[in-house]
1. Enumerate by residue number the GluC sites (Glu not before Pro) in the range 168-273 meeting two conditions: DSSP loop (anything except H, G, I, E, B), and at most 16 other Cβ atoms within 10 Å of the site's Cβ.
2. Projecting each Cα onto the charge dipole of the chain (Lys/Arg +1, Asp/Glu -1 at the beta carbon, about the Cα centre), which of Thr264, Leu19, Ala244 comes out farthest on the positive side?
3. Checking the a/c ratio against 1.5 first, then a/b against b/c, what shape does the Cα gyration tensor give for the range 12-60?
4. Hey, can you grab everything whose amide H is under 5 Å from the amide H of Ala154? Only 5+ residues off in sequence or another chain; H modelled, so Pro and N-termini drop out.
5. Please order Lys265, Lys151, Lys241 by the number of other Cβ within 10 Å, starting at the fewest.
6. Based on DSSP, what percent of beta bridges with both residues in the chain are antiparallel, to the nearest 5?
7. Quick one: length gained pulling Asp300 to Ser253 fully straight, 0.36 nm per residue minus the C-alpha distance?
8. Quick check: residue separation of Lys102 and Ala285 times 0.36 nm, minus the Cα distance between them. What number comes out in nm?
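Read the figures in this text as sums done on the coordinates, not as results from a lab. Just so we're clear, the structure is a prediction, and the values are computed from it rather than from any experiment. Note that each Cβ is placed from the backbone with ideal geometry, even for glycine, and that neighbours are counted across all protein chains shown.
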Amino acid sequence: MSSKVITLNNGHKMPVVGLGTYKSSPGVVRQAIIDAIEAGYRHFDCAWFYGNETEIGDALREIISSGKVKREDLFITSKLWNNFHRKEKVVLMLKETLSYLKLDYIDLFLVHWPFAFKENGPLWPITEGADAYSDTDYLETWEGMEECVKKGYAKSIGISNFNSEQIDRLLKYCKIKPAVNQVEANPNLNQKKLTKFCKEREIVITAYCPLGRVGEAAERGFPTPTVLDPKVAEIGEKYNKTPAQVVLNYLISLGMVVIPKSVTKSRIIENINVFDFQLNPEELAYLDSCNKDSRVCSLDMFQDHKYYPFNLEF
Ligand code: NDP
């Protein structure tokens, strides 16, 4: 099974299913990438912040040099972390990521969050609070992102965790439009309003935490993932599909790209086999009814930051 593709506003094509890599530990991510390639994945969602790009790069080099897959058949995303939002830093940070990934260019480079932290401060400033914030404007950051395209280091650029006001502010200012906004989306937070808003502006939504980060949800007190809902399991049985496959199919039907993370071979295979069934209107309505606008990644410890994105409805 391979993934369907979606065409971005600049003509580049992006596979609709990608493999997430957050918390895929360096010891296991190599095998996950290899299993994913075997299963038909060509899209990998990475980030400097995840601390595992070196091993992902080793796996990609191995796969490309074995001749199994050509570089141009892959779609690799990475993201600029919050401490590096100054315009001058952006190209440098992408070059660092490219050296980890052992690539000459990336397919999509995203601004990971609209808010910035001080350049020499902590990467995850929980106790330091506002002392660690930087007020570098994401409009300045975007100029650096545009440089990445001009220099040929990124085919497409985009944003992540931006709200509707931030998107419109950026669109008024930018020379290159963002191709993608990567945000949390799952049936608990179906993002229909933001998806419509972005679609009208030719921006594709990528859904992160599409499975509600099910492995950690109970322990960390996250909203109960819809993949654990017996009704969703029942819907899946009808099509001989698992709850995860039902949820991924639903998100794709809403026009999104999905990037489920797994390091488990059977689940990696499962999560891309989502194109051979179609939910009926009652089933779609049930999944719609699960929306609670509740987040796994609210990052509310940073809600006093000037550019915190989740104080708006969408
Ligand atoms: P997901 O919703 O993808 O959930 C991942 C969890 O689900 C893991 O515990 C995984 O376990 C488990 N899992 C995977 N497949 C199945 C399945 N078929 N059945 C049951 N359990 C399953 O959460 P993530 O937070 O990882 O989100 C996906 C990706 O989105 C990230 O990896 C990252 O690339 C990106 N992301 C981006 C953010 C941003 O700010 N832009 C924020 C958060 C995530 P196991 O691995 O053990 O199989």
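1. Hits after loop and neighbour filter: Glu202, Glu216.
2. Leu19
3. Working: a/c = 2.02, a/b = 1.36, b/c = 1.48.
In terms of gyration-tensor shape, oblate.
4. Long-range HN contacts for Ala154: Ile106, Val149.
5. Lys151, Lys265, Lys241
6. Details: 6 of 31 bridges.
Taking every DSSP beta bridge within the chain, about 20 percent pair in antiparallel fashion.
7. Details: separation 47, 0.36 × 47 = 16.92 nm, distance 2.96 nm.
Extra length available between Asp300 and Ser253 comes to 14.0 nm.
8. Working: separation 183, 0.36 × 183 = 65.88 nm, distance 4.44 nm.
That pair, Lys102 and Ala285, stretches by 61.4 nm at full extension.
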